Amino acid sequence: MYLDNAIGSIQPGGDHMKMVDRLEKLLLSNKLYVDVPSAIPSACIDGRPGATLRPNSAGGTNTLAVGLDLVRPSQQPYLEQYRDVLSILKKEGLPVGGHVDTHADEQKSGCGACDKLQAVYAFIVENGSVLRDAAAALDVAVTDADHKLIIKNASARADFASGAQIKNALADVGGTIDELSGDHREIIIVINTRASSTLDRSLMSQHLDTHVVQAFNLDIWSLELAAKELSSLASFEQRLIFTAMLYYNLAVAHVLCGPRMQVVIR
């Protein structure tokens with residue numbers, strides 16, 4: 001599947017196009033994936049080097065905060081809601097995390113999923129059918145009621161946090177914050193369905209020059225665990241929360257990437 005409706009700039013081009021098939025074969029094998037503890041996501045999908053080995057979702061813990069935001073109407077500013085989610089997860093002994101990079105300015109974190117939060121919500125509102133179709137391509141059936149609720153709540157969100165505010169809130173609770181380096185060079189997105197595994201970016205250097213190409217990785221299996229935890233903590237239906245988190249991750253991909261970006265399922 002390709003992100004035909006994507007509006008971003010990260011995508012293969014030029015000489016990188018002929019590397020997509022080679023990288024896809026590697027990613028669909030077991031050569032670049034390693035076992036990790038079965039846990040909720042707390043690292044980002046970002047393909048750049050420097051990440052520790054933890055389950056991946058867009059913005060790490062920010063996926064969980066957005067998931068709750070999209071299933072319940074909230075009068076709280078987004079930053080307050082994010083802090084509340086961090087507090088709840090920490091009290092339960094669950095991991096929280098995200099990343100920065102080496103060249104973000106003062107108002108940004110260096111994580112596109114956080115820095116472009118408002119644009120991601122706008123994409124959800126304006127392109128809900130695109131996200132629903134993409135979910136269906138991943139064998140996730142979304143009911144009319146769940147779809148309409150997510151779009152309604154995304155539309156109602158008027159206050160957003162900056163990437164720097166999200167980063168600082170995570171630091172305040174002692175979350176794990178990776179520092180990534182270099183530019184984005186992702187040429188493919190992997191939806192990893194294999195439980196208790198994640199992409200080890202460091203292994204890519206044994207097969208490819210990671211300064212040339214990278215891959216986004218979403219550990220969709222860990223979204224299921226996150227939905228289960230959040231449904232018990234916040235009394236919302238598990239499948240609804242999972243769908244909301246998936247919509248967010250798909251919207252992030254469409255906002256950051258261009259239409260030549262391919263998505264493969266592992």
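Bear in mind these aren't lab numbers, they're just calculated from the coordinates by the rules spelled out. None of these values were measured; they are calculated from a predicted model. Cβ coordinates were reconstructed from backbone atoms using ideal geometry, including for glycine residues, and neighbour counts include every protein chain displayed.
Would you mind working out the magnitude of the charge dipole of the chain relative to its Cα centre, with +1 at each Lys and Arg C-beta and -1 at each Asp and Glu C-beta, to the nearest 20 Debye?
Values: 24 positive and 31 negative charges, 64 e Å.
The calculation lands at about 300 debye.
Taking 8 Å as the Cα distance limit and 6 or more residues as the minimum spacing, I'd like the relative contact order of the chain as a percentage. All intermediate terms of the calculation are to be shown ahead of the outcome.
On the way: 529 pairs, mean separation 101.1, N = 266.
Value for the chain: 38 percent.
Given the Cα atoms of the chain, and with Rh set as the inverse mean 1/r over their pairs in the Kirkwood sense, what is Rg to Rh to two decimals?
With Rh from the inverse mean 1/r over Cα pairs, Rg/Rh is 0.93.
Can you tell me the Rg and Dmax of the stretch 1-109, counting just the alpha carbons, in angstroms?
For the stretch 1-109, the Cα radius of gyration and maximum Cα-Cα distance read 17.1, 48 Å.
For the chain, list the cysteines whose Cβ sits under 4.7 Å from no other cysteine Cβ?
For the chain, the answer is CYS44, CYS257, because their Cβ atoms have no other cysteine Cβ under 4.7 Å.
Less than 18 Å apart at the alpha-carbon level, and either on another chain or at least 8 residues along: which aspartates and glutamates does that give for LYS18?
Cross-link targets: GLU186, ASP209.
Arranged by the count of other C-beta atoms within 10 angstrom, fewest first, what order do LEU27, LEU86 take?
On the way: LEU27 20, LEU86 23.
Ascending number of Cβ neighbours within 10 Å: LEU27, LEU86.
Using the Cα centre of the stretch 23-175 as the reference point, and only Cβ charges (+1 on K/R, -1 on D/E), how large is the resulting charge dipole? Debye, rounded to the nearest 20.
Working: 15 positive and 18 negative charges, 35 e Å.
Charge dipole of the stretch 23-175: 160 debye, to the nearest 20.
For the stretch 158-264, what are the per-bin percents of Cα-Cα distances with bins 5 Å wide, up to the bin holding the maximum?
For the stretch 158-264, the binned pair fractions read 2, 9, 14, 17, 23, 20, 10, 4, 1, 0 percent.
Build a GNM of the chain with springs between Cα atoms under 10 Å: which of PHE216, PHE242, PHE160 gets the top mean-square fluctuation?
PHE160
May I ask for log10 I(q)/I(0) of the stretch 30-165 at q = 0.11, 0.16 Å⁻¹, from a Debye sum over the Cα atoms as equal point scatterers with solvent left out?
Taken in order of the listed q values, log10 I(q)/I(0) reads -0.44, -0.95.
Determine, for VAL140, VAL255, the number of other Cβ atoms within 10 Å of each Cβ, and report the residues in order from fewest to most. Mind dumping the intermediate values first?
Values: VAL140 17, VAL255 24.
In order of increasing Cβ crowding within 10 Å: VAL140, VAL255.
Which cross-chain or sequence-distant (5 or more) residues have an amide H under 5 Å from the amide H of GLY59, H modelled 1.01 Å from N in plane?
Residues meeting the amide H criterion: ILE45, ASP46, ALA113.
So, in the stretch 79-209, how many Lys pairs have Cα atoms under 21 Å apart, if the pair is 8 or more places apart or on different chains?
Numbers: LYS90/LYS167; LYS91/LYS167; LYS108/LYS116; LYS108/LYS167; LYS116/LYS152; LYS116/LYS167.
Taking the Cα cut-off of 21 Å, the pair count is 6.
Among the helices of the chain (complete DSSP H runs), which have Cα atoms covering no less than 15 Å along the helix axis and a Kyte-Doolittle mean of at least -1.0?
Numbers: long enough: 78-91 (20 Å, -0.44); 144-156 (18 Å, -0.32); 220-234 (21 Å, 0.73); 238-256 (27 Å, 1.06).
Result, helices passing both filters: 78-91, 144-156, 220-234, 238-256.
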